[in-house]
Amino acid sequence: MTYGQIAGLAGSPRGARQVVRILHSMSSKYDLPWHRVINAKGEMGIKSGEGFIRQRMQLEEEGVEFSSQDKIDLRVYQAIGSNQNLPYIKEDDLM
């Protein structure tokens, strides 16, 4: 999901930055799947370093593929709704 999607589902459609702060401060304490949240451009918020590598590795372990520009195709991997049992809804699943 994107930061904006989560903000919208939480009732604050303009609160994407708040989602970033919450994930940053609460992910380890509450075991939140922070690595699954990206920006609306299909990019990871962390641009380099250990966090970037860790997030990318976790996504790749779940089958997410990246473009040569380190982007994720949201048409393929963006989760729809809030179903916790379906981490990703692939385009083929919608047809």
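The values are calculated or read from the model by the stated rules, or taken from the named source; none is laboratory data. This is a predicted model, so every value here is computed, not measured. Quick reminder, even Gly has a Cβ in these numbers, built from the backbone with ideal geometry, and neighbours come from all protein chains shown.
Here are a few things to note about the model shown:
- Within segment 30-56, the set of residues being in contact with a His (Cβ under 9 Å, 6 or more places away or on another chain) and part of a helix (DSSP H, G or I) comprises TRP34, ARG54, GLN55, ARG56.
- Selection of first residues in segment 1-26 that are at pLDDT below 90 and of second residues that are of a type outside the set (A, V, I, L, M) and surrounded by fewer than 17 Cβ atoms within 10 Å (Cβ to Cβ), restricted to Cβ pairs under 6 Å at least 6 apart or on distinct chains, gives the following pairs, ordered by first then second residue: LEU9/SER82.
- Those residues of segment 59-89 which are over 17 Å from LYS41 (Cα atoms) and either at pLDDT below 95 or not in a helix (DSSP H, G or I) (or both), in sequence order: GLU62, GLY63, GLY81, SER82, ASN83, GLN84, ASN85, LEU86, PRO87, ILE89
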